[in-house]
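Asker: First the structure, then my questions, so here it is.
The values are calculated or read from the model by the stated rules, or taken from the named source; none is laboratory data. Note that the coordinates shown come from a computational prediction; the quantities given were computed from them, not determined experimentally. Cβ: placed from backbone, ideal geometry, glycine included. Neighbour counts: every protein chain shown.
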């Protein structure tokens, strides 16, 4: 048995179990040859065959987007990919969605309560149900992909969003820590009380 070349292999989720099986068979082959050197030409078979995904590095390329494609002339503060594969970018001039070809911008529309509630986007988060949450300067927004509209929650300018094992969202803001129950919409605010010795 010889190794004729070196190939770049995709380290996906299925790679490690396959690699372990290959290494195990290879080790068995080597031990068998050491134990019985007179048995030249020992054959090893694997059933079913193991297939490893291989990535051709020559096909990797980078595509540069510019303002001509609608990219905002500002920095991106946050980004996330949703369950449909869209890339979302939070900027200081609105929320941008990229489908691999074009960009669509979501901004606040005066008089439309279902539009994005703000221009400055500091935090983006996809929860475990796949819902997209947007931390705007006016409030927290939840995106509805069916209507491409937003539901607003009175939590101003979240800078970070996470989710605990109970499904509750936790948000950091300049005004304190907030907890949101997505199922009920109930919001709890935690702020520092200098008169409470049990608070951090």
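Asker: Determine the pairs where a residue that is without any contact (Cβ under 8 Å) to a residue 12 or more places away in the chain, located within the stretch 138-167, has a partner that is crowded, with 18+ Cβ neighbours inside 10 Å and in a loop (DSSP other than H, G, I, E, B) with Cβ atoms under 6 Å apart, the partner being 6 or more residues away or on another chain.
Answerer: The qualifying pairs do not exist here.
Asker: For residue 100, are the conditions met, namely being at pLDDT below 95 and either surrounded by 13 or more Cβ atoms within 10 Å (Cβ to Cβ) or closer than 20 Å to residue 75 by Cβ (or both)?
Answerer: no
Asker: Just checking, how many residues over the stretch 187-196 are within 16 Å of residue 162 (Cα to Cα) and free of Cβ contacts under 8 Å to residues at least 12 places away in the same chain?
Answerer: 1
Asker: Here's something else I'd like to know. Restricting attention to the stretch 178-194, and to residues there that are touching a strand residue (DSSP E or B) at 6+ places or on another chain (Cβ under 9 Å) and more than 15 Å from residue 153 (Cβ to Cβ), which single residue is modelled with the highest pLDDT?
Answerer: The qualifying residue modelled with the highest pLDDT is 190.
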